[in-house]
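The structure appears below as structure tokens.
The values are calculated or read from the model by the stated rules, or taken from the named source; none is laboratory data. Given the structure is predicted, the values throughout are model-derived calculations rather than measurements. When we count neighbours, we look across all protein chains shown, and the Cβ atoms used for this are built from the backbone with ideal geometry, even at glycine. To get the accessible areas, we keep the full protein, side chains included, count just its heavy atoms, and leave off ligands, DNA and RNA. Shrake-Rupley method; radii C 1.70, N 1.55, O 1.52, S 1.80 Å.
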Amino acid sequence: MFFSDHHTKFTKRINAPLQAVLDVLRDPHAMMGLSPLIISVTVDPQDSTKYAVVDRLAMPFGTTRTISYGATIVVTDEGMEAESKAGAGTTTRSRYVARAISEGETEVEEEVHVNAFFLLLPFIKGVLASAHILSLDRLAAKVEGLNSCKRPAGYLYLYTLVLSLRKQMNTLLVLPTVLALVVVYWMAKRSSADPYGEFHLAFNKLPGEDAPRTEWLNMGYWKVPLALKLLRAAGCKPGGRVLDVGHGSGESLILLLTHPDVPRPAHLTGITSLESHYTRSQARVARLTQPVPVDLHAGDAIYRAGSRTHPLDPSSEQPKFDTILALDCAYHFKPRAEFLRQAYHRLNPGGSLALADICFAPGALETRWTRFVTTILGLMPAENMISTDEYVAQMREIGFRDVKLEDITEDVFPGFVSFLATRGVGWRIFSKAFTIFWGSGGRFVVVYGRVSA
Ligand SMILES: C[S@@+](CC[C@H](N)C(=O)[O-])C[C@H]1O[C@@H](n2cnc3c(N)ncnc32)[C@H](O)[C@@H]1O
């Protein structure tokens, strides 16, 4: 009764033919050789599927220790399956399946089941994700003939941490995590209610460039720009009236006005909270040579009595919108439910609302831990902490039709945390805290709803 299950999947596209990937996947020694921790692997002379494994773990204060555990590895037609039994009764089962996408491209899917002591599970879930992403990266680097993988050393630390916690509840190891959370909380408290500024400009700069070419300020979809993913979900039509909420310094506005794959609106309105972002967006849009009228506002996404010329003013005489977009921002709105209601009433019949947003896996909010971590990160007010199911129910209750919610966590958070971990100590601490948030049930979703025609 004190043990709980966790099930998750990771995928990696590798630029190599299926057979080259299978050759490594089906070679247990080669696979274990990818681990930065394993210092010794001995196959059981009686049973070639059983291995005695020894890890060397980095401990606090620069010390190391070794741990031994047993693993069973079975090679399958599609890849391999592994089971390990570590300390504190933690059992981990991984199933790797490789399939060809094209002649020179292969996708590896890893399905992981963990059964662990319930108090350890929230923490294990977060750091487990980092560890498995690291392994898949290293597999890709090996097969693609690269010398090293791109993930930062922080992953190794997290990996070490989770393995150590599996072995024993060592309070010394819990301390750095608690410390990271306290530092992040302190940073969040020091910043204004709106934590955004101009830091994203440096994040958008490519190596060797003096100035960034884009000004995205979101967590990224890491396949195509998150904004494109959102726009496709919104089903924008050419010639529509579009409202872009929380547009930051204006990259999504520019995408709407210039991207060849985006249906061009007939009128574009924007509202974002920071005055500096509003001014910057005005200037950037003014530089474009495009015929679409653009009407930008600085202010809260939610209309409050008395705020003049607000795009969501229910008594506005301006025409309503065909599409309202909220890209990676609605979780901040106080409260988001009010924004959803106001958006519904300012949409034309048949119009749609699309949000790239954060909510929680069903059941995740039943533990205080998830709420605690979310509060520490300063991500959203308490009233916006709802599950995926509650989100869909809330949209339907307001009146939206055809409500859809797509969970794209695995295409957003891994890329986001690994990117942040390369941006200096402060961001690395934030990425670790964010990994804990993700492991506690945080979900990144695209939500869609339509007003009946
Ligand atoms: C994560 S950034 C996303 C920016 C932009 N959508 C993008 O993808 O690059 C969140 C944005 O929402 C804005 N924001 C936060 N709270 C807001 C509010 N209550 N009303 C309007 N905008 C808000 C922030 O200033 C910031 O620009």
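Brief remarks follow.
- Efficiency of FRET between Ala393 and Ala361 - r from beta-carbon atoms, R0 22 angstrom, step 0.05: 0.90
- Expressed as a whole percent, the accessible area of segment 199-450 that falls on carbon and sulfur atoms is 53 (1.4 Å probe).
- Ser307-Thr8 FRET efficiency (beta carbon distance; Förster radius 45 Å; 0.05 resolution): 0.55
- In this entry, segment 230-361 is assigned a mean projected area of 8.1 nm², taken as a quarter of its C-alpha convex hull surface.
- Highest mean packing first, where packing is the average number of other Cβ atoms within 10 Å per residue, the peptides 20-29, 413-422 line up as 413-422, 20-29.
- Sequence ranges 378-388, 236-246, 340-350, 287-297, ranked by mean other-Cβ count within 10 angstrom, highest first: 236-246, 340-350, 378-388, 287-297
- A viscosity of 0.890 mPa s and a temperature of 25 °C, combined with the Kirkwood radius over C-alpha pairs in the Stokes-Einstein formula, give segment 376-453 a diffusion coefficient of 172 µm²/s.
- Alpha carbon centroid spacing (whole Å) that separates segment 1-56 from segment 414-453: 27
- Ranked by the mean number of other Cβ atoms within 10 Å per residue, highest first, peptides 73-83, 434-444 order as 434-444, 73-83.
- FRET E, pair Thr422, Asp27, Förster distance 30 Å, beta-carbon r, rounded to 0.05: 0.50
- Beta bridges by DSSP in segment 199-450, antiparallel share as percent, to the nearest 5: 40
- Remark on Ser440: its backbone amide H falls under 5 Å from none of the residues 5 or more positions apart or on other chains, H modelled at 1.01 Å from N.
- Amide H to amide H distances under 5 Å link Arg401 with Arg450, Val451, Ser452, where only residues 5 or more positions off or on other chains count and H is placed in the peptide plane.
- Pairs over the 18 Å Cα-Cα cut-off, from the set Lys229/Lys404; Lys237/Lys334; Lys229/Lys320; Lys12/Lys142: Lys237/Lys334; Lys229/Lys320.
- Aspartates and glutamates with Cα under 18 Å of Lys50, excluding same-chain neighbours fewer than 8 positions away: Asp27, Glu81, Glu83
- On full extension, the segment bounded by Leu228 and Ser316 gains 28.7 nm, given 0.36 nm per residue less the C-alpha separation.
- Cα extents of segment 199-450 along the three principal axes, largest first (Å): 50, 46, 34
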